[in-house]
Amino acid sequence: MTRSTAALPDEVLVHDPGLYPEGVEWDGARFLVSSVARGTVTAVRDDGSLQEFAAADGITSSLGLHVDAAHGRLLVAGAAFAAVGDPQVAGEAKLAIHDLATGHRRHLVDLAALRPNARHLANDVAVDPAGNAYVTDSFTPVIYRVTPDGRASVFVEDPRLSGEGIGLNGIEYLPTGHLLVSLASARTLFRVPLDRPERLTEVRLPEPLAADGLLLLPDRAVVTPAPFHPAVLELRSDSGWASARVTGRRLTTPEATTTTAALRDGAVYALNAHFAEMGGPQPVATFEIFRVELTG
């Protein structure tokens, strides 16, 4: 533990019955969390105080979040979470783009309109240095691209990115000019070149990885697990992410749903969404944003 991180809290509690957050980010002053139940974005202080950052306003469920500090934006993947448990629900795929300082919405982009006859679940979002956003769709083997002014297109569509249940999931931009993306159902990762996305390749891994969220750090990546795979993993690569190795892990409880993680002042924090307890007799009242110490 470094001096800069020693004073940080071990845990921040989000007491809001029925919120069910999926995405978490740190904006420099507070955590931001999404909500699969409400479609909102909530700001969370260390003392547990809450403030609505962004209303749902056309989004049924909010999932992955991305703070794009370079362009002063928060990007939100919008979906309909009910589609996860009901194949008769067509789902949604949207991208909401908000001003990071005020929460004001700049754009709401309908990604599902690009593939109107498919099922959709917009899951996560990453941004390249030019401000283009890339959004995964868990039910259709598509990664969408949205320009800074809100114009959407299909960046890549490939049958290798399809899978049973939740397919495409977490996504990050690599400084090499690639995207690193999780295919949760196949328990693997793909590396996608921005200039030739059709040349995507599977990342060589030492073990299957049921990855939900990805968090890229300068020297490593943190993988938060899909439900009922109870370990947060640390990955490192010496090959520009053509391959990777596991260098650390933090066990969680089997029933935990550790969906995503965020970097705060050098420390990694993960979110327990409590999805396994949705539909119970009482809504889950408190959700944990907990500090992750990874050990080899």
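Shape verdict for the chain, please, from the Cα gyration tensor: rounded (a/c under 1.5), prolate (a/b greater than b/c) or oblate. Write out the running numbers ahead of the final one.
Working: a/c = 1.26, a/b = 1.07, b/c = 1.19.
Rounded shape, in that the Cα axes give a/c under 1.5.
Describe numerically, in nm with one decimal, the distance between label points set 7 Å from Cα along Cα→Cβ at Ala29 and at Ala6.
Here the modelled spin labels are 2.8 nm apart.
Report the residue, chosen from Leu271, Leu194, Leu251, that carries the largest GNM mean-square fluctuation when the chain is represented by alpha-carbon nodes joined by springs under 10 Å.
Residue with maximal mean-square fluctuation among Leu271, Leu194, Leu251: Leu251.
Would you mind telling me the share, in percent, of accessible area of region 136-232 contributed by carbon and sulfur at probe 1.4 angstrom? Working shown, then result.
On the way: 1980 of 3890 Å².
Percent of accessible area from carbon and sulfur atoms in region 136-232: 51.
With label points built 7 Å along Cα→Cβ from the Cα atoms of Leu205 and Val154, find their separation and express it in nm.
Result for the modelled spin labels: 2.6 nm.
In nm, to one decimal, how far is the Leu217 label point from the Gln51 one, both placed 7 Å along Cα→Cβ?
My value for the distance between the label points is 2.9 nm.
Using Cα springs under 10 Å in a Gaussian network model of the chain, which residue among Pro283, Pro159, Pro208 shows the largest mean-square fluctuation?
Fluctuation is largest for Pro159.
Using the Cα centre of the chain as the reference point, and only Cβ charges (+1 on K/R, -1 on D/E), how large is the resulting charge dipole? Debye, rounded to the nearest 20. Don't skip to the answer; put the middle values down first.
Working: 25 positive and 36 negative charges, 113 e Å.
Charge dipole of the chain: 540 debye, to the nearest 20.
Tell me, what is the FRET efficiency for Asp110 and Thr176 to the nearest 0.05, using R0 = 41 angstrom and their Cβ-Cβ distance as r? Before the final figure, lay out each step's value.
Values: r = 31 Å, r/R0 = 0.76.
The value I calculate is 0.85.
How much mean residue ellipticity at 222 nm does the chain get from its helices, if each DSSP H run of length 4 or more adds -39500 (n - 2.57) and you divide by all residues, to the nearest 500 deg cm²/dmol?
Working: 1 runs with 4 residues, N = 296.
Result for the chain, helices only: 0 deg cm²/dmol.
Accessible area per residue for region 1-122 in Å², computed with a 1.4 Å probe and the full protein assembly in place, what is it?
The answer is 43 Å² per residue.
If you take the charge dipole of the chain about its Cα centre, with +1 on Lys and Arg Cβ and -1 on Asp and Glu Cβ, which of Ser138, Leu251, Leu8 is farthest toward its positive end?
The one lying farthest along the dipole's positive direction is Ser138.
Compute the separation of the alpha-carbon centres of region 13-59 and region 139-164 and state it in Å as a whole number.
Value for the Cα centre distance between the two parts: 26 Å.
Counting only heavy atoms of the protein chains, get the accessible area per residue of region 182-258 (1.4 Å probe) and round it to a whole Å² value. It would help to have the intermediate numbers written out before the result.
Numbers: 3390 Å² over 77 residues.
Result: 44 Å² per residue.
How would region 131-223 be classified by its alpha-carbon gyration tensor: rounded, prolate or oblate, with rounded meaning a/c under 1.5 and the a/b versus b/c comparison settling the rest? Provide the component values of the computation, followed by the final result.
On the way: a/c = 1.65, a/b = 1.22, b/c = 1.35.
Here region 131-223 falls in the oblate category.
What residue among Gly78, Gly23, Gly163 shows peak mean-square fluctuation when the chain is described by a Gaussian network model with Cα springs under 10 Å?
Gly163
For region 246-296, what % of the accessible area comes from carbon and sulfur atoms, probe 1.4 Å? Display every interim value, and only then the final one.
Values: 1210 of 2210 Å².
So the carbon and sulfur contribution to the accessible surface is 55 percent.
Of all accessible surface on region 22-70 at a 1.4 Å probe, what whole percent is carbon and sulfur?
Values: 730 of 1730 Å².
That fraction is 42 percent.
The values are calculated or read from the model by the stated rules, or taken from the named source; none is laboratory data. Because the structure is predicted, anything quoted here is derived from the model rather than measured. Note that each Cβ is placed from the backbone with ideal geometry, even for glycine, and that neighbours are counted across all protein chains shown. With ligands, DNA and RNA removed, areas are computed over all heavy atoms of the protein, side chains included. Shrake-Rupley method; radii C 1.70, N 1.55, O 1.52, S 1.80 Å.
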